[in-house]
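Note sheet for the following structure.
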Ligand code: SF4
């Protein structure tokens with residue numbers, strides 16, 4: 001197994017607002033992707049009052065080979081009061097930038113799209129000043145519409161890896177082309193909503209393939225792009241092929257900005273939702 005390089009070693013959580021964020025999340029029985037995905041930035045983000053809230057439960061109907069989320073069939077279970085609890089927690093945490101994400105729910109007729117939309121509307125009602133970013137499953141057509149109509153500020157959908165590795169790394173029900181279609185349809189339905197995507201590096205991709213993915217995203221006018229190092233959650237998950245040095249991440253950032261992304265966050269510890277990225281995006285939205 002590859003040994004983790006120095007640049008991936010991070011501080012343990014415990015400082016700043018960490019205990020308060022934790023107690024609010026527990027009080028409202030909310031899940032975070034920070035914990036589910038064993039995110040290395042949990043201490044830094046929670047310590048500064050940021051958390052990415054995961055809705056639609058904690059069991060995913062898909063099974064991506066890089067992901068630590070539990071998989072199975074929740075048989076249509078849905079907590080009807082979750083949108084309200086999320087909005088109450090956002091208000092209590094005083095967040096000015098909220099990121100909502102979810103598992104994929106193939107067991108629900110609409111994939112949970114209306115639940116997503118309701119959560120956005122509730123946050124707008126209880127915390128009207130908060131900017132809202134949603135990281136959605138591969139909704140298209142009738143499932144995408146309610147989310148777009150609820151009008152979050154940013155809609156993200158991750159392509160996760162380059163085209164060639166999609167089959168090997170993501171659940172078989174995802175496709176590279178469908179993921180691009182999600183992002184393209186958002187802009188067609190409402191060009192005022194910013195779009196965002198992300199990939200993990202270190203899965204065996206080549207530089208040319210990363211650049212091709214960036215070009216594919218720019219072609220459909222994706223605004224924000226993030227790149228981070230893939231870390232294997234357990235030995236059963238997809239292996240790390242390589243630890244990408246920070247200079248290579250910098251190079252992708254430069255290339256991405258030259259291609260016209262409004263913002264690129266690229267670094268070993270960057271994740272698709274990440275407080276530093278959110279800080280910049282917030283400033284871009286607010287002009
Ligand atoms: S769809 Fe894949 S990446 Fe997303 S939560 Fe499910 S298993 Fe994880």
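The values are calculated or read from the model by the stated rules, or taken from the named source; none is laboratory data. These figures come from a predicted structure and were not determined experimentally. Positions of Cβ are generated from backbone atoms using ideal geometry, with glycine treated the same way; all protein chains shown enter the neighbour counts.
When we screen 177, 118 for residues that are away from the ligand (no atom under 16 Å from the Cβ), outside any loop (DSSP other than H, G, I, E, B) and farther than 26 Å from residue 252 by Cβ, the only hit is 118.
What residue, among those in the range 148-174 that are more than 16 Å from the ligand (Cβ to nearest atom) and part of a helix (DSSP H, G or I), is farthest from residue 101 (Cα to Cα)? Ranking the qualifying residues of the range 148-174, first place goes to 164.
Looking across the range 50-83 at every residue that is away from the ligand (no atom under 16 Å from the Cβ) and crowded, with 17+ Cβ neighbours inside 10 Å, the one that is modelled with the lowest pLDDT is identified as 50.
When 95, 100, 78 are checked against the criterion of being in contact (Cβ under 8 Å) with a residue 12 or more places away in the chain, more than 25 Å from residue 165 (Cβ to Cβ), in contact with a helix residue (DSSP H, G or I) (Cβ under 8 Å, 6 or more places away or on another chain) and part of a loop (DSSP other than H, G, I, E, B), a single residue qualifies: 78. Checking each residue in the range 229-247 for being outside any loop (DSSP other than H, G, I, E, B) and out of contact with any helix residue (DSSP H, G or I) (no Cβ under 8 Å at 6 or more places or on another chain) picks out only 247. In this structure, does residue 111 turn out to be on the phi > 0 side of the Ramachandran plot, buried (at least 19 other Cβ atoms within 10 Å of the Cβ) and either under 17 Å from the mean Cα position of the chain (by Cα) or assigned to a loop (DSSP other than H, G, I, E, B) (or both)? The answer is yes for residue 111. Consider residue 113 carefully, then state whether it is modelled with pLDDT of 95 or more, within 16 Å of residue 79 (Cα to Cα) and away from the ligand (no atom under 14 Å from the Cβ). For residue 113, the condition - modelled with pLDDT of 95 or more, within 16 Å of residue 79 (Cα to Cα) and away from the ligand (no atom under 14 Å from the Cβ) - is met. Just one of (1) within 20 Å of residue 164 (Cα to Cα); (2) surrounded by fewer than 15 Cβ atoms within 10 Å (Cβ to Cβ) fails for residue 247. It is (1).
Conditions (1) in contact with a helix residue (DSSP H, G or I) (Cβ under 9 Å, 6 or more places away or on another chain); (2) assigned to a loop (DSSP other than H, G, I, E, B); (3) away from the ligand (no atom under 16 Å from the Cβ), marked per residue:
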{"site": "2", "(1), (2), (3)": "no, yes, yes"}
{"site": "26", "(1), (2), (3)": "no, no, yes"}
{"site": "34", "(1), (2), (3)": "yes, no, no"}
{"site": "39", "(1), (2), (3)": "yes, yes, no"}
